[in-house]
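**Student:** Right, I'll just put the structure down here and ask away after.
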Amino acid sequence: MKNLDIKWIYLITLSIIWGSSFILIKKSLEGLNPYQVGALRTIFTGLLLFAAGFSSLKSIKREKWKWIAISGFLGSFFPAFFFAIAETEIDSAIASILNSLVPLNTILLGFAVFRIASNLKQILGVIIGFIGTAILILEGADLNPNQNYLFAGFILVSTLMYAANVNIIKRYLQDVKPIAIATGNYVFIIIPALIVLVFSQFFEAETFAKPDFVSSIIYVLVLSIFGTAIAKVLFNKLVQISTPVFASSVTYIMPIVALIWGLLDNESFNVIQLFAAGLILSGVYLANKNKT
């Protein structure tokens, strides 16, 4: 099978997994605070990756380790906390929609910092997708006037981190195995996550006594296995077999999945948002048309 076919399979699979992650974060917050969710997600994922890919670490060359570390903090550590903090005020579907800024930031950072070329068709596709995202954001604000959109700043910062991470993987870690990148990331971030967990009041009796504590732990575990551990490996592979812009386009399809979950969880959704979702998909198609 050609990379053209394989990369679309990776893209759709990641869209479903990551599109479902936002509702899992929301459910996790019912019995845990955002710092506990971020820390547990990082710790669970790290343990899973160590079990599956620890042997792959020896294949990483010494000069690659600094980029592995930077990738870990930008692509996993800080976003795990920032998204959880944001979703204390913003619906899960809206969080996913804001995350759609990643492809735009990937192009801007790729061109300005990493000198990775993007053509006019890619830029136009991202702009169309961004317009669809803007419509979704504005419509979401109208439907949810009581939400504090200052917390959207945490997601916006995360999109910049994700964009930088995509370009780092493409430019500096192209020849490193995806499982090695993912496992190496957590070599650096699992200890800081443990420190955060200790200071997050997780080990106090009040935390364990919450009625939703057990279910929240289960949600975080599912999020860690699928939304982080497995997805990280798939995403690293996708970046290597495609382009940074194509890989980050996963964030265009994710909102559709997240909106479906949000609707099932009684979050608001209307026809205008459906139209905006169509624009987003059109942007993905245009940005990647005739690209291998």
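Read the figures in this text as sums done on the coordinates, not as results from a lab. Here the structure is a predicted model, which means the values were calculated and not measured. Using ideal geometry, Cβ is built from the backbone for each residue, glycine included, and neighbour counts are taken over all protein chains shown.
**Student:** Counting Lys and Arg as +1 and Asp and Glu as -1, each charge on the Cβ, what is the dipole of segment 85-212 about the Cα centre in debye, to the nearest 20? Could the numbers behind the result be given before it?
**Tutor:** Numbers: 6 positive and 9 negative charges, 179 e Å.
Using only the charged Cβ atoms, the result is roughly 860 debye.
**Student:** Going by a ≥ b ≥ c, the root eigenvalues of the Cα gyration tensor, does segment 10-167 fall in the rounded group (a/c under 1.5), the prolate group (a/b larger than b/c) or the oblate group?
**Tutor:** The shape class here is oblate.
**Student:** Do you know the relative contact order of segment 4-157, to the nearest whole percent, from alpha carbon pairs under 8 angstrom that are 6+ apart?
**Tutor:** Numbers: 95 pairs, mean separation 47.1, N = 154.
Dividing the mean separation by the residue count of segment 4-157 yields 31 percent.
**Student:** PHE73 versus PHE213, label points 7 Å from Cα toward the beta carbon: distance in nm?
**Tutor:** Placing both labels 7 Å beyond Cα along the Cβ direction yields 3.3 nm.
**Student:** If you don't mind, there's one more thing I want to ask. Give me the extension gain from ALA134 to LEU156: residue separation times 0.36 nm, minus the current Cα-Cα distance, reported in nm with one decimal.
**Tutor:** Values: separation 22, 0.36 × 22 = 7.92 nm, distance 1.31 nm.
Taking 0.36 nm per residue and subtracting the Cα distance, the gain is 6.6 nm.
**Student:** While we're looking at this one, here's another question. For MET254, MET161, which order do you get if you count the other beta carbons within 10 Å of each Cβ and list the fewest first?
**Tutor:** On the way: MET254 27, MET161 19.
Fewest-to-most Cβ neighbours within 10 Å comes out as MET161, MET254.
**Student:** Would you mind checking LYS7/LYS66; LYS7/LYS58; LYS66/LYS232; LYS58/LYS232 for any pair whose Cα atoms are more than 22 angstrom apart?
**Tutor:** Details: LYS7/LYS66 28 Å; LYS7/LYS58 27 Å; LYS66/LYS232 18 Å; LYS58/LYS232 19 Å.
Too far apart for the 22 Å limit: LYS7/LYS66; LYS7/LYS58.
**Student:** Determine the gain in length on full extension of the stretch ILE6-GLU206; use 0.36 nm per residue of separation and subtract their C-alpha separation, reporting nm with one decimal.
**Tutor:** Working: separation 200, 0.36 × 200 = 72.00 nm, distance 4.78 nm.
Taking ILE6 through GLU206 to full extension adds about 67.2 nm, to one decimal.
**Student:** Take the Cβ-Cβ distance between LEU124 and PHE275 as r, set R0 to 22 Å, and report the resulting FRET efficiency rounded to the nearest 0.05. Present the calculation step by step, with values, prior to reporting the outcome.
**Tutor:** Values: r = 19 Å, r/R0 = 0.86.
E between LEU124 and PHE275, to the nearest 0.05, is 0.70.
**Student:** Right, next: Can you classify segment 231-292 as rounded, prolate or oblate using the Cα gyration tensor, where a ≥ b ≥ c are the square roots of its eigenvalues, rounded means a/c under 1.5, and otherwise it's prolate if a/b beats b/c and oblate if not?
**Tutor:** Values: a/c = 4.93, a/b = 1.63, b/c = 3.04.
Oblate, since a/c reaches 1.5 and b/c is not below a/b.
**Student:** Rounded, prolate or oblate, given the Cα gyration tensor of segment 202-241, with a/c below 1.5 counting as rounded?
**Tutor:** prolate
**Student:** Taking K and R as +1 and D and E as -1, what net charge do the other residues with C-beta under 9 Å from the C-beta of GLN147 add up to? Intermediate values should be presented prior to the final figure.
**Tutor:** Details: positive: none; negative: GLU89, ASP91.
So the environment of GLN147 carries a net charge of -2.
**Student:** Top mean-square fluctuation among TYR35, TYR172, TYR186, Gaussian network model of the chain, C-alpha springs under 10 Å?
**Tutor:** TYR172
**Student:** Starting from the Cα of VAL222, step 7 Å along the direction of its Cβ; do the same at SER55; then give the gap between the two resulting points in nm.
**Tutor:** Each label point is offset 7 Å from its Cα along the Cβ direction, giving 3.2 nm.
**Student:** Another one. What are the membrane-span-like helices in the chain by this rule: whole DSSP H runs, Cα extent along the axis at least 27 Å, mean Kyte-Doolittle hydropathy at least -0.5? Spell out each step's value before the answer.
**Tutor:** Values: long enough: 3-28 (36 Å, 0.90); 34-53 (28 Å, 1.07); 120-143 (34 Å, 1.66); 152-172 (30 Å, 0.94); 178-198 (30 Å, 2.20).
Qualifying helices, which must be both long enough and hydrophobic enough, are 3-28, 34-53, 120-143, 152-172, 178-198.
**Student:** If we count other beta carbons within 10 Å of each Cβ, what is the order of GLU267, GLU89, fewest first? Intermediate values should be presented prior to the final figure.
**Tutor:** Details: GLU267 19, GLU89 16.
In increasing order of surrounding Cβ atoms, one gets GLU89, GLU267.
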